[in-house]
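**Q** Handing you this structure, nothing more for now.
Nothing in this text is a laboratory measurement; each read-out follows from the coordinates by a stated rule. Here the structure is a predicted model, which means the values were calculated and not measured. We place every Cβ from the backbone using ideal geometry, glycine too, and count neighbours over all the protein chains shown.
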Amino acid sequence: MNRYDGDSLKLKINIKPKSVEIRNLSKTYVKHRNKGDFNYAVRNINLFVEPGELVTLLGPSGCGKTTILRCIAGLEELSEGEIFIDGKKINNLPPYQRNLGLVFQNYALFPHLTVFDNLAYSLKMKGASKEKIKKAVEIIIQMLNLGGYENRLPQQLSGGEQQRVALGRSLVSEPQILLLDEPLSNLDAKFREELKGELRKIIKALGITSIYVTHDQAEAMSIADKIVVMKKGNIEQIDEPVNIYRYPSTEFVANFVGKVNLLPAKLINIEGESILIDLFGKEIQTKLSSKVQNRFAKNDKVYIVVRPEDFDLISKSDNDCLIKGRVDSVDFQGELIKYKIKSEHGMILFVSIQNKVETMFIDESKEVGVKFNLNPLFLMPTDS
Ligand code: ATP
């Protein structure tokens, strides 16, 4: 058995960040044992995670997020592909030699052990001395703000506290990489909100490369340096949260990360960055976003991508009115007022207005005009 090297304790708050690379990863499961049919859980996944980066895998249930995590952890045999940590191939290493920290949704704490003993467990198994274990656990307790809880049993802790212990337990043996699978999904909304910020702070302070699985787009947006959006075993887009939100590369991504309005339009003319566009019979002269330049040609059918907060409600007789409609429903949420507007062309538009003191509240069934002032415009092909 490897002895625990107490000197590396100094690294506790200064873990050397490692890169993770996934090349052409596929994982299949047999569908019909006798027919040799199989399903892809994930297919031809390529991903590079920079040292110290916090990447989230985001997508609906069954899209393959957990499969990727389990492949990195060595809990699944790859059907195809390679995985590297810091440039070293780890395909053939058993899970316990990969030195990864795993945090799952069902904390999996030992119910009969105190917080201290839960945290100490892996170091004890590695044969560390009592003194070194004490020192390591104290650092973790301090780091995760668990002082005073050392002698409590898991059932005497809140969900958020239990999840912090679970995180501490995975950090105490200084993993190369942290893998987190829906770590907040068992918590109620308030704790989730609190722990989300804390988790990111701790992970970034440690500088540990982390891969974080979630199906919650808001969680991914607020926690990640980079988001990997997945659909049916494939990667749809990899980018920073703000780019995923503002410049989605497919309709699926646009719809998955918050509400979006995809307005069908036609490019009448395009000259460099300058575009003339037809939206429901109205001509708009504007600029095309540099993110999608050279991707469109004259007469292309496109979607104009408009987030609810980019719309304004005005009088339908206003000169700036682009689309006329009627208020279909109003959802008052305090700081925001969310409207659904049924346009005269039968399209439902999502409009979200910041509620300020002077904001007018518009009742259901009222006729309104909708405008947006996006320059440059981000467009998407209609067949994305
Ligand atoms: P969730 O958010 O619901 O956990 P996920 O995105 O993590 O979903 P995976 O658990 O990775 O999805 O599953 C991907 C696909 O592989 C699913 O269609 C699932 O049914 C299938 N799958 C996963 N494990 C197995 C298995 N052991 N045998 C057969 N199919 C499996």
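**Q** Reachable lysines from Lys291, Cα under 25 Å, same-chain residues fewer than 8 places away excluded?
**A** Qualifying lysines at Cα under 25 Å: Lys226, Lys231, Lys259, Lys266, Lys282, Lys301, Lys371.
**Q** So, one more: What ranking do Glu21, Glu364 get, fewest neighbouring Cβ atoms within 10 angstrom at the top? Present the calculation step by step, with values, prior to reporting the outcome.
**A** Values: Glu21 16, Glu364 11.
Going from least to most buried by this count: Glu364, Glu21.
**Q** For the range 312-384 and the range 107-143, what is the centre-to-centre distance using only Cα atoms, to the nearest Å?
**A** 55 Å
**Q** Which aspartates and glutamates, if any, have their Cα less than 13 Å from the Cα of Lys287, not counting same-chain residues under 8 positions apart?
**A** Lys287 reaches Glu271, Glu273.
**Q** With a cap of 12 neighbouring Cβ atoms within 10 Å, and only residues DSSP puts in a loop, list the chymotrypsin sites (Phe, Trp or Tyr not before Pro) found in the range 230-305.
**A** Those that pass, being in a loop and sparsely packed, number zero.
**Q** With contacts defined as alpha carbon pairs under 8 Å and 6 or more residues apart, what's the relative contact order of the chain in percent? Each step should come with its number before you reach the end.
**A** Values: 794 pairs, mean separation 60.2, N = 384.
Across the chain, relative contact order equals 16 percent.
**Q** Now for a different question. Count neighbours as other Cβ atoms within 10 Å of each site's Cβ, and list the GluC sites (Glu not before Pro) in the range 93-176 that are DSSP loop with at most 16 such neighbours.
**A** Glu150
**Q** How much length would be gained if the chain were fully extended between Leu279 and Phe84, taking 0.36 nm per residue of separation minus their Cα-Cα distance, in nm to one decimal?
**A** Gain in length upon complete extension: 65.4 nm.
**Q** With angles folded into 0 to 90 degrees, how steeply does helix 189-206 sit against the dominant principal axis of the chain? Use alpha carbons for both and round to 10.
**A** Taking the Cα atoms of the chain, the angle to 189-206 is about 70 degrees.
**Q** Rank these for me by crowding, Ile227, Ile15, going from fewest to most other beta carbons within 10 Å.
**A** So the residues, fewest neighbours to most, are Ile15, Ile227.
**Q** As a test of the formula, what do you get for the chain when each DSSP H run with n ≥ 4 contributes -39,500 (n - 2.57) and the sum is divided by the residue count, at 222 nm and rounded to the nearest 500 deg cm²/dmol? Mind showing how you got there, number by number?
**A** Numbers: 8 runs with 84 residues, N = 384.
Result for the chain, helices only: -6500 deg cm²/dmol.
**Q** Quick check: Cα centre of the range 203-266 to Cα centre of the range 73-95, how many Å?
**A** Their Cα centres are 25 Å away from one another.
**Q** If you filter the range 331-384 for chymotrypsin sites (Phe, Trp or Tyr not before Pro), then keep DSSP loop positions with at most 13 other Cβ within 10 Å, what is left? Provide the component values of the computation, followed by the final result.
**A** Values: sites: Phe332, Tyr339, Phe350, Phe361, Phe372, Phe378; in loops: Phe361, Phe378.
Loop-located and lightly packed - Phe361.
**Q** Which of the lysines could be linked to Lys135 by a straight reach, that is with a Cα gap under 26 Å, when you skip same-chain ones fewer than 8 residues away?
**A** Lys10, Lys12, Lys16, Lys18, Lys124, Lys126, Lys201, Lys204
**Q** Please compute the alpha carbon radius of gyration of the range 218-344, then divide it by the globular-protein estimate 2.2 N^0.38 Å. Two decimals is fine.
**A** The value comes to 1.20.
**Q** If the chain between Ser185 and Arg23 were fully stretched, how many nm would it gain, using 0.36 nm times the residue separation less the Cα-Cα distance?
**A** Extra length available between Ser185 and Arg23 comes to 55.4 nm.
**Q** For Glu367 and Lys130, what does the FRET efficiency come to when R0 = 51 Å and r is the distance between their Cβ atoms, rounded to the nearest 0.05? Don't jump to the answer; show the numbers that get you there.
**A** Working: r = 76 Å, r/R0 = 1.49.
Once rounded, the FRET efficiency stands at 0.10.
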